[in-house]
Amino acid sequence: MESIAIITDTDASLPADIAAQYGIHQVPINVHFGDETLATGADIDDAQLFARVDQEGKLPTTSAPSPGQFAEAYEAALSAGAEQIVCLCVSSKVSATYGAAVVARDMFPDHEIAVVDTQTLSMAQGFMAMAGAEAAQSGAGLEEIVARTHEVGARTCLYAALATVKYLAMSGRVSHLAAGMATLLNVKPILTVEKGKLDLLERVRTQKKSWARVVELTAQALQERTVEQIAIIHVDAPEQARQFEQQVRAELACPEEIIVAELTPGLSIHSGAGMVGVVAVAGEPG
């Protein structure tokens, strides 16, 4: 039986302990404050990111890992005994990460490395990586692992409620006037993943209504199927995440374990501090 390593990037939002439990290596998304480059997970987390953003009054930029960073991850996996690799990347529609992973793959012509464009992000991508790791540990082959990750991805939904449009305004994604009006009206945008992109789904008044709407949308997406796996995602809002978890448990038939995960800086600069959301994997159709 061949040893197959699972690699992803930090836009998968996988908590470090879970990544370690599953043997998944996460290649860091880079965050740039001027000439200073910080690696997500190693050098900066969501709390540190927004403390600095609020202090400096401007957002940093982000960049995909370089092909060299992926090549280092591939080399480390091969040196540790892996004979093949499956690398699951954040959607190519939001990042150049997938392209960098492909370039790195071509540096290893004597090894079989499958690079997967997950067409999703955050823990939706994370659950795909976990599924790949479980399949690898059970002895599945490379093609079977890739197929399994896609199958889990197809059953996964993501909905999140922003706490503020302040950071959207700072990024230039909405006008400052529109952001000011939204703040005045206490509008809480609902985000989801559509066709590989993080998109604004609708706008809801008040945090209470936005949280309720996120749970309602999740229930609709599950189509009365069981919840196989679920995660609460948040941006520098651990207390709100705990409160939201209780609401989710009260309204959805959840498994005992709910993963609570930071969105991580590569994604959170677009959503802003205070965001909470849910990522759920529906049970397989009967």
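The values are calculated or read from the model by the stated rules, or taken from the named source; none is laboratory data. Note that the coordinates shown come from a computational prediction; the quantities given were computed from them, not determined experimentally. Backbone-built Cβ (ideal geometry, glycine too); neighbour counts: all protein chains shown. Note: accessible area is taken over every heavy atom of the protein model, side chains too, but ligands, DNA and RNA are not part of it. Shrake-Rupley method; radii C 1.70, N 1.55, O 1.52, S 1.80 Å.
Just one residue in the set A261, A253, A231 is surrounded by fewer than 22 Cβ atoms within 10 Å (Cβ to Cβ) and touching a helix residue (DSSP H, G or I) at 6+ places or on another chain (Cβ under 7 Å); that residue is A261.
Within region 265-286, how many residues are crowded, with 21+ Cβ neighbours inside 10 Å, part of a loop (DSSP other than H, G, I, E, B) and in contact with a strand residue (DSSP E or B) (Cβ under 7 Å, 6 or more places away or on another chain)? Matching residues across region 265-286 total 1.
On the given criteria, is V31 closer than 15 Å to A129 by Cβ and outside any helix (DSSP H, G or I)? Break it down into steps so the answer makes sense when it comes.
Details: closer than 15 Å to A129 by Cβ: no; outside any helix (DSSP H, G or I): yes.
In short, no.
Considering every residue within region 207-223, establish whether at least one is open to solvent by 40 Å² or more (accessible area, probe 1.4 Å), polar (S, T, N, Q) and in contact with a helix residue (DSSP H, G or I) (Cβ under 8 Å, 6 or more places away or on another chain). Spell out the reasoning first.
The first filter runs over region 207-223 and keeps only residues open to solvent by 40 Å² or more (accessible area, probe 1.4 Å), leaving 207-209, 212-213, 216, 219-220, 223.
Subsequent filtering for residues that are polar (S, T, N, Q) retains 207, 220, 223.
When the remaining residues are screened for being in contact with a helix residue (DSSP H, G or I) (Cβ under 8 Å, 6 or more places away or on another chain), the result is none.
No, the conditions are met nowhere in region 207-223.
E36 falls short on exactly one of the conditions (1) touching a strand residue (DSSP E or B) at 6+ places or on another chain (Cβ under 7 Å); (2) open to solvent by 20 Å² or more (accessible area, probe 1.4 Å); (3) over 18 Å from V235 (Cβ atoms), and that condition is (1). For the residues K93, K58, the requirement of being under 25 Å from V193 (Cβ atoms), part of a loop (DSSP other than H, G, I, E, B) and open to solvent by 10 Å² or more (accessible area, probe 1.4 Å) singles out K93.
The rows are residues; the columns are (1) over 26 Å from Y22 (Cα atoms); (2) more than 16 Å from the chain's Cα centre (by Cα).
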site: E216; (1), (2): yes, yes
site: I230; (1), (2): no, no
site: Q240; (1), (2): yes, yes
site: Q243; (1), (2): yes, yes
site: E256; (1), (2): no, yes
site: E262; (1), (2): no, no
site: M275; (1), (2): yes, no
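Which ones in region 39-55 are in contact with a Phe, Trp or Tyr (Cβ under 9 Å, 6 or more places away or on another chain) and open to solvent by 50 Å² or more (accessible area, probe 1.4 Å)? Once the filter is applied, which keeps residues that are in contact with a Phe, Trp or Tyr (Cβ under 9 Å, 6 or more places away or on another chain) and open to solvent by 50 Å² or more (accessible area, probe 1.4 Å), region 39-55 yields only R52. Checking each residue in region 111-137 for being open to solvent by 10 Å² or more (accessible area, probe 1.4 Å) and farther than 15 Å from I4 by Cα picks out D117, T118, Q119, T120.
What is the residue count in region 1-20 for residues that are assigned to a helix (DSSP H, G or I) and closer than 15 Å to M128 by Cα? Looking only at that region, the number is 5.
Annotation: of all residues in region 138-148 being part of a helix (DSSP H, G or I) and in contact (Cβ under 8 Å) with a residue 60 or more places away in the chain, the one that is least open to solvent (accessible area, probe 1.4 Å) is I145.
Can you find a residue that is aliphatic (A, V, I, L, M) and in a helix (DSSP H, G or I) anywhere in region 111-126?
Initial filter on region 111-126 (aliphatic (A, V, I, L, M)): 113-116, 121, 123-124.
Remaining after also requiring in a helix (DSSP H, G or I): 123-124.
Yes, region 111-126 has at least one match.
Among the residues of region 70-90, those identified as under 15 Å from P28 (Cα atoms) and open to solvent by less than 50 Å² (accessible area, probe 1.4 Å) are F70, A71, A73, Y74, C87, L88, C89, V90.
If you check A129 against the conditions, is it within 24 Å of V235 (Cα to Cα), of a type in the set (A, V, I, L, M, F, W, C) and touching a Lys or Arg at 6+ places or on another chain (Cβ under 9 Å)? Here the answer is no, as A129 does not meet what is asked. For V102, the test of being farther than 21 Å from V279 by Cβ, over 15 Å from the mean Cα position of the chain (by Cα), at pLDDT below 95 and surrounded by 15 or more Cβ atoms within 10 Å (Cβ to Cβ) is failed.
The single residue among A82, A101, A73 that is assigned to a loop (DSSP other than H, G, I, E, B) and within 22 Å of G141 (Cβ to Cβ) turns out to be A82. Being open to solvent by 20 Å² or more (accessible area, probe 1.4 Å), free of Cβ contacts under 8 Å to residues at least 60 places away in the same chain and among the hydrophobic types (A, V, I, L, M, F, W, C) is the filter here; which residues of region 149-169 pass it? A154 - this is the single residue of region 149-169 that is open to solvent by 20 Å² or more (accessible area, probe 1.4 Å), free of Cβ contacts under 8 Å to residues at least 60 places away in the same chain and among the hydrophobic types (A, V, I, L, M, F, W, C).
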